[in-house]
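S.K.: The structure's right below; bear with me while I get my questions together.
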Amino acid sequence: MPDHDKHDDTDEAPIARHSRRTVLKASGFTLVATGGAPITTAQDGERPAPPAPTADVTLDVNGTTHHLTVEARMTLLETLRERLGLTGTKKGCDRGECGACTVLVDGRRVKSCLTLAVMEDGREITTVEGLARGEQLHPVQEAFIRRDAFQCGFCTPGQIMSAVACVDEGHTGSDDEIREWMSGNLCRCGCYPNIVDAVRDAAREHA
Ligand code: FES
Ligand code: FES
(Lines give C-alpha, C1' and ligand atoms only; values in the text may rest on other atoms or scores of the structure.)
(Ligands and ions follow the chains in the order given, each with its own letter.)
Protein backbone atom coordinates (compact mmCIF):
# COMPACT_ATOMS: atom_id res chain seq x y z
CA MET A 1 0.00 0.00 0.00
CA PRO A 2 1.46 3.28 -1.04
CA ASP A 3 2.52 5.59 1.72
CA HIS A 4 0.67 8.81 0.99
CA ASP A 5 2.58 10.66 3.71
CA LYS A 6 5.90 10.10 1.99
CA HIS A 7 5.03 10.53 -1.66
CA ASP A 8 4.00 13.75 -3.36
CA ASP A 9 1.16 12.18 -5.26
CA THR A 10 -1.92 14.03 -4.05
CA ASP A 11 -4.72 14.96 -6.44
CA GLU A 12 -3.85 18.64 -6.07
CA ALA A 13 -2.55 20.15 -9.35
CA PRO A 14 1.24 20.68 -9.19
CA ILE A 15 1.01 24.38 -10.11
CA ALA A 16 -1.18 25.10 -7.11
CA ARG A 17 1.46 23.78 -4.77
CA HIS A 18 4.14 26.24 -5.93
CA SER A 19 4.39 29.39 -3.92
CA ARG A 20 4.71 32.72 -5.76
CA ARG A 21 8.29 32.89 -4.48
CA THR A 22 9.34 29.58 -6.02
CA VAL A 23 7.75 30.44 -9.36
CA LEU A 24 9.59 33.77 -9.48
CA LYS A 25 12.85 32.15 -8.42
CA ALA A 26 12.56 29.46 -11.05
CA SER A 27 11.87 31.93 -13.84
CA GLY A 28 14.88 34.13 -12.93
CA PHE A 29 12.89 37.35 -12.46
CA THR A 30 13.29 40.09 -9.92
CA LEU A 31 10.34 42.37 -9.30
CA VAL A 32 11.09 46.00 -8.57
CA ALA A 33 8.85 47.86 -6.14
CA THR A 34 7.95 50.60 -8.56
CA GLY A 35 5.83 49.25 -11.31
CA GLY A 36 6.60 45.59 -10.82
CA ALA A 37 8.38 45.29 -14.17
CA PRO A 38 10.52 42.16 -14.43
CA ILE A 39 14.25 42.76 -14.72
CA THR A 40 16.72 40.03 -15.57
CA THR A 41 19.92 40.41 -13.63
CA ALA A 42 23.47 39.92 -14.84
CA GLN A 43 24.00 37.66 -11.84
CA ASP A 44 21.58 35.20 -13.37
CA GLY A 45 23.73 35.03 -16.47
CA GLU A 46 21.17 36.97 -18.47
CA ARG A 47 21.51 40.26 -20.29
CA PRO A 48 21.92 43.31 -17.98
CA ALA A 49 19.06 45.79 -17.77
CA PRO A 50 19.20 48.29 -20.64
CA PRO A 51 20.46 51.79 -19.83
CA ALA A 52 17.85 54.31 -18.76
CA PRO A 53 16.57 56.42 -21.65
CA THR A 54 18.03 59.91 -21.89
CA ALA A 55 16.92 63.17 -23.44
CA ASP A 56 18.57 66.43 -24.43
CA VAL A 57 17.21 69.48 -22.65
CA THR A 58 17.93 73.18 -22.64
CA LEU A 59 17.37 74.95 -19.35
CA ASP A 60 17.82 78.65 -18.80
CA VAL A 61 18.78 78.79 -15.14
CA ASN A 62 19.36 82.11 -13.43
CA GLY A 63 20.12 83.72 -16.79
CA THR A 64 22.57 81.07 -18.01
CA THR A 65 21.60 78.62 -20.75
CA HIS A 66 22.52 74.98 -20.13
CA HIS A 67 22.36 72.21 -22.73
CA LEU A 68 22.23 68.89 -20.93
CA THR A 69 21.65 65.23 -21.60
CA VAL A 70 19.66 63.87 -18.70
CA GLU A 71 18.00 60.61 -17.83
CA ALA A 72 14.37 60.92 -18.74
CA ARG A 73 13.40 60.07 -15.16
CA MET A 74 15.61 62.80 -13.60
CA THR A 75 13.68 65.41 -11.66
CA LEU A 76 14.31 69.10 -12.05
CA LEU A 77 15.48 69.12 -8.42
CA GLU A 78 18.12 66.45 -9.06
CA THR A 79 19.21 68.20 -12.25
CA LEU A 80 19.70 71.51 -10.48
CA ARG A 81 21.56 70.02 -7.54
CA GLU A 82 23.53 67.17 -9.09
CA ARG A 83 24.16 68.34 -12.65
CA LEU A 84 24.38 72.10 -12.21
CA GLY A 85 25.70 72.22 -8.64
CA LEU A 86 22.95 74.58 -7.53
CA THR A 87 22.52 73.14 -4.05
CA GLY A 88 20.64 76.14 -2.68
CA THR A 89 17.46 74.33 -3.66
CA LYS A 90 16.86 71.73 -0.96
CA LYS A 91 15.48 68.22 -1.03
CA GLY A 92 13.11 67.78 1.89
CA CYS A 93 10.32 65.25 1.53
CA ASP A 94 11.01 64.56 -2.17
CA ARG A 95 7.28 64.01 -2.71
CA GLY A 96 5.68 67.41 -3.05
CA GLU A 97 4.66 67.99 0.55
CA CYS A 98 7.17 70.36 2.16
CA GLY A 99 8.01 73.01 -0.46
CA ALA A 100 11.76 72.99 0.33
CA CYS A 101 12.49 72.44 -3.36
CA THR A 102 10.39 75.36 -4.67
CA VAL A 103 11.83 77.19 -7.68
CA LEU A 104 10.30 79.53 -10.23
CA VAL A 105 9.64 78.22 -13.72
CA ASP A 106 8.73 81.04 -16.10
CA GLY A 107 7.95 83.04 -12.96
CA ARG A 108 5.58 80.47 -11.47
CA ARG A 109 6.20 78.41 -8.35
CA VAL A 110 7.05 74.81 -9.03
CA LYS A 111 8.01 72.05 -6.61
CA SER A 112 11.06 70.82 -8.43
CA CYS A 113 10.89 67.33 -6.90
CA LEU A 114 7.59 66.80 -8.67
CA THR A 115 8.62 67.74 -12.19
CA LEU A 116 11.04 66.12 -14.58
CA ALA A 117 13.82 68.11 -16.22
CA VAL A 118 12.55 67.05 -19.65
CA MET A 119 9.18 68.59 -18.85
CA GLU A 120 10.83 71.97 -18.35
CA ASP A 121 12.82 71.93 -21.58
CA GLY A 122 13.23 75.47 -22.91
CA ARG A 123 11.91 77.13 -19.76
CA GLU A 124 13.37 79.89 -17.65
CA ILE A 125 14.18 78.74 -14.14
CA THR A 126 15.07 80.84 -11.14
CA THR A 127 16.58 79.34 -8.02
CA VAL A 128 17.53 81.05 -4.79
CA GLU A 129 21.04 81.56 -6.20
CA GLY A 130 19.54 83.75 -8.92
CA LEU A 131 17.79 86.32 -6.72
CA ALA A 132 20.63 88.54 -5.53
CA ARG A 133 22.22 91.08 -7.85
CA GLY A 134 25.89 90.84 -6.97
CA GLU A 135 26.17 91.87 -3.33
CA GLN A 136 22.66 93.27 -3.35
CA LEU A 137 20.17 90.83 -1.84
CA HIS A 138 16.64 90.54 -3.19
CA PRO A 139 14.15 92.57 -1.08
CA VAL A 140 12.49 89.32 0.03
CA GLN A 141 15.84 87.96 1.22
CA GLU A 142 16.48 91.17 3.12
CA ALA A 143 13.02 91.03 4.69
CA PHE A 144 13.59 87.42 5.81
CA ILE A 145 16.82 88.45 7.52
CA ARG A 146 15.31 91.56 9.07
CA ARG A 147 12.30 89.63 10.38
CA ASP A 148 14.35 86.64 11.55
CA ALA A 149 12.12 84.42 9.42
CA PHE A 150 14.22 81.28 9.53
CA GLN A 151 15.96 79.05 12.03
CA CYS A 152 17.14 75.81 10.45
CA GLY A 153 17.45 77.46 7.08
CA PHE A 154 16.66 74.20 5.32
CA CYS A 155 13.19 75.26 4.23
CA THR A 156 14.28 78.87 3.72
CA PRO A 157 15.26 78.80 0.02
CA GLY A 158 11.86 77.32 -0.82
CA GLN A 159 10.09 79.79 1.47
CA ILE A 160 11.92 82.68 -0.16
CA MET A 161 11.17 81.52 -3.71
CA SER A 162 7.53 81.07 -2.80
CA ALA A 163 7.47 84.49 -1.13
CA VAL A 164 8.94 86.15 -4.23
CA ALA A 165 6.13 84.68 -6.33
CA CYS A 166 3.52 85.45 -3.68
CA VAL A 167 4.52 89.13 -3.75
CA ASP A 168 4.70 89.23 -7.56
CA GLU A 169 1.27 87.60 -7.79
CA GLY A 170 -0.16 90.19 -5.39
CA HIS A 171 -1.45 87.63 -2.93
CA THR A 172 -0.49 89.80 0.00
CA GLY A 173 -3.70 91.70 0.75
CA SER A 174 -3.84 90.44 4.34
CA ASP A 175 -1.92 88.18 6.70
CA ASP A 176 -4.52 85.48 6.12
CA GLU A 177 -4.04 85.75 2.37
CA ILE A 178 -0.25 85.53 2.77
CA ARG A 179 -0.67 82.49 5.03
CA GLU A 180 -2.94 80.82 2.51
CA TRP A 181 -0.65 81.44 -0.47
CA MET A 182 2.43 80.37 1.49
CA SER A 183 0.76 77.25 2.84
CA GLY A 184 2.58 74.93 0.43
CA ASN A 185 5.82 75.62 2.28
CA LEU A 186 6.24 73.95 5.65
CA CYS A 187 8.46 75.14 8.49
CA ARG A 188 8.98 72.70 11.32
CA CYS A 189 10.45 75.42 13.53
CA GLY A 190 7.19 77.34 13.55
CA CYS A 191 8.61 80.52 12.07
CA TYR A 192 5.32 81.23 10.34
CA PRO A 193 4.54 84.57 12.07
CA ASN A 194 7.99 85.90 11.10
CA ILE A 195 7.63 84.61 7.56
CA VAL A 196 4.28 86.38 7.21
CA ASP A 197 5.87 89.58 8.57
CA ALA A 198 8.70 89.27 6.04
CA VAL A 199 6.35 88.71 3.10
CA ARG A 200 4.20 91.67 4.22
CA ASP A 201 7.32 93.88 4.42
CA ALA A 202 8.52 92.81 1.00
CA ALA A 203 5.07 93.42 -0.49
CA ARG A 204 5.06 96.97 0.90
CA GLU A 205 8.46 97.64 -0.65
CA HIS A 206 7.26 96.13 -3.91
CA ALA A 207 4.16 98.38 -4.05
S1 FES B 1 11.24 68.24 -1.47
FE2 FES B 1 9.84 68.88 -2.95
S3 FES B 1 8.07 69.35 -1.82
FE4 FES B 1 9.41 68.50 -0.36
S1 FES C 1 13.33 77.52 9.31
FE2 FES C 1 13.46 75.62 8.27
S3 FES C 1 11.95 74.36 9.06
FE4 FES C 1 11.73 76.26 9.95
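The values are calculated or read from the model by the stated rules, or taken from the named source; none is laboratory data. Quick caveat, the model's predicted, so the values are computed rather than measured. Note that we place each Cβ from the backbone using ideal geometry, even for glycine, and neighbour counts take in every protein chain shown. In case anyone asks, the SASA skips ligands and DNA or RNA and just uses the protein heavy atoms, side chains included. Shrake-Rupley method; radii C 1.70, N 1.55, O 1.52, S 1.80 Å.
S.K.: Under 8 Å for C-alpha pairs, at least 6 residues apart: give me the relative contact order for region 139-206, rounded to a whole percent.
M.R.: 50 percent
S.K.: Where the accessible area of region 140-207 is counted over protein heavy atoms with a 1.4 Å probe, how much of it, in %, is carbon and sulfur?
M.R.: The nonpolar share, carbon plus sulfur, comes to 51 percent.
S.K.: Work out the FRET efficiency for E169 and A52 from their Cβ-Cβ distance, taking R0 = 35 Å, and round it to the nearest 0.05.
M.R.: 0.45
S.K.: Further question on the same structure: Rank by packing, highest mean first: peptides 62-71, 145-154, with packing defined as the count of other Cβ atoms within 10 Å averaged across residues.
M.R.: 145-154, 62-71
S.K.: If I model a spin label as a point 7 Å beyond the Cα along the Cα-Cβ vector, how far apart are those points for L137 and C189 in nm?
M.R.: Label-label distance for L137 and C189, simple model: 1.3 nm.
S.K.: Okay, moving on. Using modelled amide H (1.01 Å from N, peptide plane; none on Pro or chain starts), what sits under 5 Å from the amide H of H66, excluding residues fewer than 5 places away?
M.R.: L59, D60, V61
S.K.: For region 54-130, how big is the tail of P(r) above 21 Å, as a whole percent of Cα pairs?
M.R.: 14 percent
S.K.: Lys and Arg at +1, Asp and Glu at -1: add these up for the other residues within a Cβ distance under 15 Å of T54 and post the number.
M.R.: -3
S.K.: Sticking with this structure for a sec: Please work out how much length the chain gains when fully extended from E129 to R73, using 0.36 nm per residue of separation minus the C-alpha to C-alpha distance, in nm with one decimal.
M.R.: Length gained between E129 and R73: 17.7 nm.
S.K.: Taking the Cα centre of region 139-206 as the origin, how large is its charge dipole in debye, to the nearest 20, when only Lys and Arg (+1) and Asp and Glu (-1) carry charge on their Cβ atoms?
M.R.: It comes to approximately 240 debye.
S.K.: Hey, another quick one. Report, for region 54-130, the % of DSSP beta bridges that are antiparallel, rounded to 5.
M.R.: Restricted to region 54-130, the bridges split so that about 90 percent are antiparallel.
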